[in-house]
Every structure is written in C-alpha cells, then in structure tokens.
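Only the coordinates and a few stated rules stand behind these numbers; no lab work does. No experiment lies behind these values; they were computed from the predicted model shown. Backbone-built Cβ (ideal geometry, glycine too); neighbour counts: all protein chains shown.
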Amino acid sequence: MNSTSSQRGYPAKRWCAANMSSTSMRHSAWKSEPWTHLTHKQRRPQWIAYNPRTMRPPPLSTDTNSMKILSWNVNGLQAIVQSGFSADELVARENFDVLCLQETHLEASCFGVSIAAPSYTASSWAVGCFDVYMGFLNNPIYHDMERNVDLFKNLVHEYDYTCWSCSVARLGYSGTAVISRVQPISVQYGLGIPEHDQEGRLITLEFDDFYLVNAYVPNSGRGLRRLNYRINDWDPCFSDFIKKLECSKPVIVAGDLNCARQSIDIHNPQAKTEAAGFTIEERESFEVNFSRKGLVDTFRKQHPNAVAYTFWGENQRITNKGWRLDYFLASESIADKVHDSYTLPDVALSDHSPIGLLLKL
C-alpha cells in the first residue's frame, strides 16, 4: 500500500510479539494475537484464520539445500529503525538468506548518484559496499547525508551484498532494497523502460537457480488517479519483463503488489470494490498479467482456505481488519519447490507485516 493512502497508526515499540513481557502474555489472545481471529465479513464455512504458530510445515532437514527469503514493506526504513526495529533480532528469529524491502523512503542524494543503470554482473559487486544506488557502486556519499547512510550501512550484520533503488521522480518516496548473504550473479534495476523506472520500484537479482524480483507495484491512489497507468501500462510491462526472464530461469516475485486478488484476501470485500487495491480492474489485471501467465501465488497454494492479511489501515491491526497485498509469486516450474510460504503478523512496526518463503534448491 502507498503511504499516502494510509498513515502509520502504531506506537513505537519493539518489533516482535514473541519478545513481549510475561505481563503482556497474560493479555487475552484477541489482544496479543488478533490475526488468529476470523474477522472476515463474508466468511465461508471452510475458511480459517491463519496462525503461523500452528500452520507452518515442519523444518527441512539440515542436509537439504534451501534459501529463505523475507519480503517487507517497511513504510519508511528510517522510521522503523528509530522506533526500535532490530534487524539482527529478525535474523536470529528467521535466519533468512535474503531480505527484500519496499517503501524504504530513502532519498537518492544519500547515495551520491541520481540516474539508473540497467544491470551489473557479479564482478561489479563489492563485498560490504553500502553506497549502491540503482546499479552504481563505490560512488562518493555526500557529506551532508552521511548521518542518514550510517543508520543503514550496518542494518544487518554479516550480509555482504546490498542494493538500493530510490525514487528520482519524488524524493523520499517509494524505493526498494535487497540485503543478501548470498552473492547474486547479476543485478538489474527497473524494467528497462525509462517512464516506469523513476520511482525505484524494482530490483532483480539473478541466482544460480532462479531470478528474484523485488517489486513495489504502484498503488492506484486516492480517487483511483493512477488506475489507468497501473492496469494499462505498469502491469503489462511488468508481466512482459517477467516472461522474458523466464526464458532463461524460473522467477520468484516478492513484494507489495498492491492488490487483494480475491475476496478471501480482504476483510470486507463488499464495501471495498471501489477502493484502490480491490477494484475489479486491478484484480482482473492481476489474473490476466500474472496468474494466467503461470505465476503461482505460493501462500494461497499452500493455504487455500486461510484468511491472512499483510496490511492494516490505521488502528485496524488490533481488530484484524486487513488486506493481503504482499506476495511471493513463483514460476510454475519452481512452485513445487516451495516448502513454506508464510506471514509474520506479529512484526508490527510498519502497516505491513513481513512475509517469508522457504525454497528447496
């Protein structure tokens, strides 16, 4: 979801419900784990509330090669860091290999460059190099922005490969980032179409077995002012981009796709049919450009009847009135290798929760 369509409504606090005090743990389950309550206005008999504590599969054996990917719309990276977010605690809990971030809200001037380069191979990567902006490496950081950069250069320890894509059309808006401990073969920024690549919405990493696309899809906005751009320009071009990647390797798309694709994915579908993210046009575009072109919604494949949300408007997380806007989509050829596709609703510093994917290699 775009930060202009919802505002942060949660007080500063530690990020993980698992670390709550014993006093907090004595609160009712409704207060401590509202996502376990089925609040859907048009629920069907077979639907159940998703509970990550009880509905995730057993861990893989230690001798199974795998990669764990997390994706999270942070709604402002600096804001969640200042609110007490600890990336190292998230590492300790999830032990992820790759972290995809959306809506970082970082400014291009932090990185000392202002235009995009199409792609870089692994030989262009520098271990531990933070000042990466839209494909440029080892650029000098502006001195007046150093304090902002220092906040994030060690966001996650022992993850040596980072890339950041910021909006140049509007400073402090949109933006994506990837932090990885696995070295990618190559990195590409944007769709390669200038009119779509000004808002820092896409980073593509090539690994041995697949491409990982970190995406922050444009929100149609208040009054649906960007609906036409979204469904007639962005979605078809993004779909074509993915299909070209699939000519050489399977693709995994991670990120905030700004669409609740089915009625099960939004708490009150009847009242939201004209709201950005749930219009008939957006849902049809999702099906035409992604689902019908062979991209599998990994969470829905694993949990066909689970009601799970990844976004909540202001003050609505506590009553679990949410939307599922964040996805891992996988090419059909790799979808069966997904061992686990899940959400982390207790990570509450953003208006979105992180989502996770465990892939067998």
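Of note:
- Mean-position separation - Cα centroids, the range 231-259 and the range 192-225, in angstrom: 8
- Length released on extending from residue 186 to residue 171, taking residue separation times 0.36 nm less the Cα-Cα span: 2.7 nm
- Rg over Rh for the range 187-335 works out to 0.96, both radii taken from alpha-carbon positions and Rh defined as the Kirkwood radius.
- Cβ-defined net charge surrounding residue 182, 14 Å radius [Lys, Arg +1; Asp, Glu -1]: -4
- Full extension of the chain between residue 232 and residue 244 yields a length gain of 2.4 nm, computed as 0.36 nm times the residue separation minus the alpha carbon distance.
- Legend: distances between Cα atoms for 293/360; 272/301; 301/337; 41/293; pairs beyond 21 Å are 293/360; 272/301; 41/293.
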